[in-house]
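J.: Input: one structure, supplied below.
The values are calculated or read from the model by the stated rules, or taken from the named source; none is laboratory data. Keep in mind that this is a model prediction, so the values were computed, not measured. As a convention, Cβ positions derive from the backbone with ideal geometry for all residues, glycine included, and neighbour counts pool all protein chains shown. These accessible areas exclude ligands, DNA and RNA; they are computed on the full protein's heavy atoms, side chains included. Shrake-Rupley method; radii C 1.70, N 1.55, O 1.52, S 1.80 Å.
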Amino acid sequence: MTNVETVGSKLQSEGGYFQVFSSRHSSLLPTLAALAILIMLFIGAEIFLRGDFISPGNISALLLDNAYLVILAVGMTFVIVTAGIDLSVGSVMAFTGIWLAKLLEAGTSPALAIPAIIVGGALIGLLIGVLVQFFDVQPFIASLAGLFLARGLAFVVSLSSIKVETASVLWLQSTRIRLGDWYITPTGILALLVVFAGAYVMQYTRFGRTTYAVGGNQQAALMGLKVPRTTVAVYVISGVCGGLAGLVLTAYSGAGYPRNGVGTELDVIAAVVIGGTVLTGGRGYVLGSLVGVFVYGTIKSIISFMGAEQSWMQIVIGALLLLFIVVQRAIVARSNRRT
Amino acid sequence: MKHRLFWPVVALVSLILINTIARSQFASITVRDDRLYGALIDILRQSAPLMLVSLGMTIVIATRGIDLSVGAVMAVSGAVALTIIDDATDPNSLGTVMVAVGAAILVSLVLGVWNGFLVSALGIQPIIATLVLMLAGRGVALLITEGFITTVNSTPFSFISTGYVLLLPVAFFIWVAAVAVVGLIERRTALGVLTEAVGINPEASRLAGVRSTGIIWTAYAASAVLAGIAGVIYASNIRAADANAAGQFIELYAILAVVLGGTSLMGGKFSIAGTVVGVLIIQTLESTILFLGVPSAQSPVFFAIVVVVVVIIQSPNLHRVLRNTFRTTRSAGPGEPTSDAGAAG
């Protein structure tokens, strides 16, 4: 009782709406910060670089160029919310991408090839999930095995790149659905569908709530939640996203290449963290990860506009990641003190 | 049998045996021009960078941490050394090379102190704290080399990785010296015990008066210095600073080596000898895969299988299940019969 009163009177005395908001939605703050940074990046680029940075074409291209990252980030968000990590996503994308190209080259119908590669991605995710859940392997190591496996398999499928000439796959990329100067490709639509499906599952289903509970507290099983099933499922989801990203990237580049996506897992983790998902689990939003990927993509295009070397990209992303981790650390520490 | 190095050593010896049976020249060592030649000597020479990185990784993991930035530190270190040698008037002078190597190691130390600051002073999760440098480090290395692959021709510098002293490669002596120094410091002083204490229970050891902040900080600094030396050896071997390729995936192989050597990723008890065996297993496996004619790009599949088998054998859950299954036989020493059964499967 007294606690409630003191908190209430403190809020009244300081009277800040912001304080009320921030204490109630502390887990939302990093995501809002990411959104603010995204807007600042846009405005800054518009002012300092050239007048036409904020243009429909540019923003449309942002989604088009980063569609595969968006899809991977959705899967990664699920995993990180359970306090896990999935290092395999870049390699799974490479493996499923080159496998798709190989299948199509051999004359397999896309209606068969695309489900096949998604199942392939899901199986690697299943392996990781089973290792994590039933053999008590740390997610880091289990997904490391997944990384090695998928990367090796990518090279087993083919040592060099394979061009894709199947019309229906290229259609995913070449079709531009226009609305004035805005456009979106089927790959972009696919990415957005994955985001909305992910956000819905996370926020409005029993499975989503269990996911948060598992990351928030390993003893969630005591509350009758199906922890084992959920833990395995998040890695399978990440694997499926890896398969979808493989499809999107292969359509995007018009070829499968076994060396694709080296280090992509780090970009994805960085984007997810920037988007406000906390690496210790229990907090995070799929929509935040979408914002995170856009921040990442915007920095990338600003750097290429400026004609600066790509090395700056790595440094800026590293610095931004650091900034967000420190902010998250402060927020988590503060909310822990409150409870 | 009870010794925890038993299974790693068995794995290494059987790998060597399989190789010897499959190709008779594997175990043969010949002397030519005051040098020993042979596949085994190659393994000892080539394992130097991974050995140094894994040593540092062992200490960091013992504190319940992890250092993902080692590959990036290697890239920075190589870039610093080669840029100094490249800019020097006389790349062949010993002084230049010593200055370059010294500067490279110093820069690595600074990077390690940075990692240690993030982890021990700011309390950021090790995976993420070192991820920052892992991402940014290669960018820094690219800036140092100005985006080019700097190549040099410097006899003293090449000597570091390709030279021979007393029949054996210099690189081999470097890693043996590093193992000896780290082993002595960790096992002949209290530092090793304190490190394990921090890894087993950071809070309890802090209350017991262990200055855990300093110990964790030192671990990351040591890891980066060792990675820096590894970066110099790598650069010396290819006579170039390749900011993208230097030390790529080495953090993963180093973690694998540490785990193979029996050190738990949960921190606490660590085994330097185990890590040495772990690195030799990886290097021998790599050589075996190459011998089998598998393209080296496909070798990760083998490592994946090794990782999966090793972690399943080490899994406490499997031990419990097997123990329950075999309980009817008789309750022998805790865990012993189960690890037999686990390894057989």
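J.: Net charge around A:Ala271, counting only other residues with Cβ within less than 15 Å of its Cβ (Lys, Arg = +1; Asp, Glu = -1)?
T.: Local charge sum for A:Ala271: -3.
J.: Going by accessible area, probe 1.4 Å, with all protein chains left in place, what is the ranking of A:Arg151, A:Arg259, largest first? Kindly include the intermediate steps, with their values, before the conclusion.
T.: Numbers: A:Arg151 15, A:Arg259 130 Å².
So, going from the largest accessible area down, we get A:Arg259, A:Arg151.
J.: Quick check for me: using +1 on Lys/Arg Cβ and -1 on Asp/Glu Cβ, what's the dipole size of region A:187-339 about its Cα centre, in debye to the nearest 20?
T.: Numbers: 11 positive and 3 negative charges, 146 e Å.
It works out to roughly 700 debye.
J.: Given a 1.4 Å probe, how much area per residue of the protein assembly as shown is accessible, in Å²? Please report the intermediate quantities before stating the final value.
T.: Working: 29330 Å² over 684 residues.
Counting only protein heavy atoms, the per-residue value for the protein assembly as shown is 43 Å².
J.: Can you list the aspartates and glutamates whose alpha carbon is less than 12 Å from that of A:Lys300, not counting same-chain residues fewer than 8 positions off?
T.: Once the sequence-local aspartates and glutamates are set aside, what remains near A:Lys300 is A:Asp65, A:Asp267, A:Glu309.
J.: Let me check I've understood the local charge: for B:Gly247, count other residues with C-beta under 14 angstrom from its C-beta, Lys and Arg +1, Asp and Glu -1. What total comes out? Show your work: numbers first, answer last.
T.: Numbers: positive: B:Arg138; negative: B:Asp67, B:Asp242, B:Glu251.
That works out to -2.
J.: Next up: Specify the inter-centroid distance of region B:230-281 and region B:1-57, based on alpha-carbon positions, in whole Å.
T.: Here the answer is 15 Å between Cα centres.
J.: Report the accessible surface area buried between chains B and A, summing both sides, using a 1.4 Å probe on protein heavy atoms only, in Å² rounded to the nearest 100. Numbers along the way, then the final one.
T.: On the way: alone 16640 and 16310 Å², together 29330 Å².
Answer for the B-A pair: about 3600 Å² buried.
J.: Separate question: Starting from the Kirkwood Rh over alpha-carbon pairs, what translational D in µm² s⁻¹ does the protein assembly as shown have by Stokes-Einstein at 37 °C and 0.692 mPa s? Before the final figure, lay out each step's value.
T.: Working: Rh = 26.7 Å.
After rounding, the answer is 123 µm²/s.
J.: Of B:Ser205, B:Ala221, B:Phe148, which is farthest along the charge dipole of region B:144-257 in the positive direction, counting Lys and Arg as +1 and Asp and Glu as -1 at C-beta?
T.: Comparing the listed Cα positions along the dipole, B:Ser205 ranks first.
J.: To make sure I understand the rule: partners must be aspartates and glutamates, Cα under 15 Å from the Cα of B:Lys269, and not fewer than 8 residues away in the same chain. Which ones qualify?
T.: By straight Cα distance, B:Lys269 reaches B:Glu186, B:Glu196.
J.: Same structure again: In Å and whole numbers, how far do the C-alpha atoms of chain A stretch along each principal axis, longest first?
T.: Principal axes ranked by extent give 72, 55, 35 Å for the Cα atoms.
J.: Which Cα, out of B:Ser47, B:Ile61, B:Thr96, lies furthest along the positive dipole direction of the protein assembly as shown (beta carbon charges, K/R +1, D/E -1)?
T.: Going by the charge dipole, the pick is B:Ile61.
J.: Can you tell which of A:Phe324, B:Val294, B:Ala245 lies farthest toward the positive end of the dipole of the protein assembly as shown, using +1 and -1 charges on the Cβ of basic and acidic side chains (Lys, Arg; Asp, Glu)?
T.: A:Phe324
J.: With springs connecting C-alpha atoms under 10 Å apart, model chain B as a Gaussian network and identify which of B:Phe249, B:Phe270, B:Phe157 has the largest mean-square fluctuation.
T.: B:Phe249
J.: Is region B:129-193 best put as rounded, prolate or oblate by its Cα gyration tensor, with a ≥ b ≥ c the root eigenvalues, rounded for a/c under 1.5, and otherwise prolate when a/b is larger than b/c, oblate when not?
T.: Verdict is oblate for region B:129-193.
J.: Still on this structure, please answer the following. Around A:Ile162, under 11 Å between beta carbons, what's the net of Lys plus Arg minus Asp minus Glu among the other residues? Before the final figure, lay out the partial values.
T.: On the way: positive: A:Lys102, A:Lys163; negative: A:Glu105, A:Glu165.
My count for the surroundings of A:Ile162 gives 0.
J.: Among the aspartates and glutamates, select those whose C-alpha is under 20 Å from the C-alpha of A:Lys102, and discard any that sit fewer than 8 residues away in the same chain.
T.: Once the sequence-local aspartates and glutamates are set aside, what remains near A:Lys102 is A:Glu165.
J.: How large are Rg and Dmax for chain B when only the alpha carbon atoms are used, in Å?
T.: My reading of the Cα-based Rg and Dmax gives 21.1, 77 Å.
J.: Sticking with this one: Which angle from 0 to 90°, rounded to the nearest 10, does the C-alpha axis of helix A:110-134 make with the longest principal axis of chain A?
T.: Between the helix axis and the principal axis of chain A, the angle is about 40 degrees.
J.: Also, quick follow-up: Please give the charge dipole size of the protein assembly as shown, origin at the Cα centre, charges +1 on K and R Cβ atoms and -1 on D and E Cβ atoms. Round to the nearest 20 debye.
T.: Values: 37 positive and 29 negative charges, 397 e Å.
Around 1900 debye, computed over the protein assembly as shown.
J.: In addition: Can you tell me which of A:Gln328, A:Gln203, A:Gln173 moves the most in a GNM of chain A? Springs connect C-alpha atoms under 10 Å apart.
T.: So, out of A:Gln328, A:Gln203, A:Gln173, the one fluctuating most is A:Gln203.
J.: Normalized C-alpha radius of gyration of region A:189-331, against 2.2 N^0.38 Å? Before the final figure, lay out each step's value.
T.: Details: Rg = 17.0 Å, N = 143, 2.2 N^0.38 = 14.5 Å.
Relative to the 2.2 N^0.38 Å estimate, region A:189-331 comes out at 1.17.
J.: Compare B:Val258, B:Val113, B:Val309 in a GNM of chain B, Cα atoms joined below 10 Å, and give the one with the largest fluctuation.
T.: B:Val309
J.: What is the P(r) of region B:141-300, as percent of Cα-Cα pairs per 5 Å bin from 0?
T.: It works out to 2, 7, 12, 17, 18, 15, 12, 9, 5, 2, 0, 0, in whole percents.
J.: Given +1 on the Cβ of Lys and Arg, -1 on the Cβ of Asp and Glu, and no further charges, what dipole in debye does region B:47-269 carry about its Cα centre, rounded to the nearest 20?
T.: Working: 8 positive and 10 negative charges, 125 e Å.
Dipole size: approximately 600 debye.
J.: Any chance you could check the Cα centroid distance between region A:190-211 and region A:262-335 for me, in angstrom?
T.: Going from one Cα centre to the other spans 21 Å.
J.: Could you check how much of the accessible area of the protein assembly as shown is carbon and sulfur, as a whole percent, using a 1.4 Å probe?
T.: Carbon and sulfur atoms account for 66 percent of the accessible area of the protein assembly as shown.
J.: If eta is 1.002 mPa s and T is 20 °C, what Stokes-Einstein diffusion coefficient results for region A:35-112, Kirkwood Rh from Cα pairs, in µm²/s? Could you put the intermediate results ahead of the total?
T.: Details: Rh = 15.8 Å.
Answer, rounded: 135 µm²/s.
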